[in-house]
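The values are calculated or read from the model by the stated rules, or taken from the named source; none is laboratory data. The structure presented is a predicted model; accordingly, all values stated were derived computationally and were not measured. Using ideal geometry, Cβ is built from the backbone for each residue, glycine included, and neighbour counts are taken over all protein chains shown. For accessibility, only protein heavy atoms count, side chains too; no ligands or nucleic acids. Shrake-Rupley method; radii C 1.70, N 1.55, O 1.52, S 1.80 Å.
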Amino acid sequence: MTAHSRRKFRREGEERRRQDLIEATLDCVAERGLPGATVRAIAQRAGVTAGLIRHYFPGKEELLQAAYAEIVGRMTEQAKAALAMEGAGPRRRLATFLAANLGPPVVDTRVFSLWAGFIGRAHADPALSVAHREGYLDFRDEVEALVAEVLEAEGRAAGKTQLRRHAIAINAIIDGLWIEGCLAGDIFEPGELADIGIATVEALLELDLREEEKT
């Protein structure tokens, strides 16, 4: 690896330095897998000493946990960013959220590779397991809130249990199609996975999420 391929470790404060180390960790995991993402390799990637890494993270496990939380949180935030639209009703907002999760930049081979590397170790690593659980619940809560908005606007009362079950099912729909898109995106037509995801959720909720676009 040349000096030019290293991430420049910017001296812009504690939080920026910590973020640089997380990004360097993600780069190493993407290139070498979890076993190859050693403290030494991460330090070299970031252009710092291993000792400086220990200033920000007690150990490698804490750094990996932070890196996994970053990748999961980033995917959720990218999808939520699509909701920043004026004048959109609840159904349109849910459809937009689904489409955002089933297209670039969320559907991405590098992101999938990172996610798969971490998730394969989560069952045996308590720290990664916690990060995975928190990321899953945060995403599911977002889905549940969107579904609640839709059903309330339709005048359809939904209890907490029903909303929870809808959110679990919709999360599973997104996950399955997202994996397909990351592994073999070239075999699908542009927007096809998003259309399938929206249609499946429409069947689950028994309403047309895209009807507002036609009015």
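Here is how the numbers come out for the structure above:
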quantity: Val111 touching a residue at least 40 places away in the same chain (Cβ under 8 Å) and either over 11 Å from the mean Cα position of the chain (by Cα) or buried (at least 18 other Cβ atoms within 10 Å of the Cβ) (or both); calculated: yes
quantity: Test: residue in region 129-138 that is open to solvent by less than 30 Å² (accessible area, probe 1.4 Å) and at pLDDT below 95; calculated: yes
quantity: Among the candidates Ala184, Ala158, Ala148, residue that is surrounded by 15 or more Cβ atoms within 10 Å (Cβ to Cβ), among the small types (Gly, Ala, Ser) and part of a helix (DSSP H, G or I); calculated: Ala148
quantity: The lone exception for Ala122 - which of (1) in contact with a helix residue (DSSP H, G or I) (Cβ under 7 Å, 6 or more places away or on another chain); (2) open to solvent by 70 Å² or more (accessible area, probe 1.4 Å) it fails; calculated: (2)
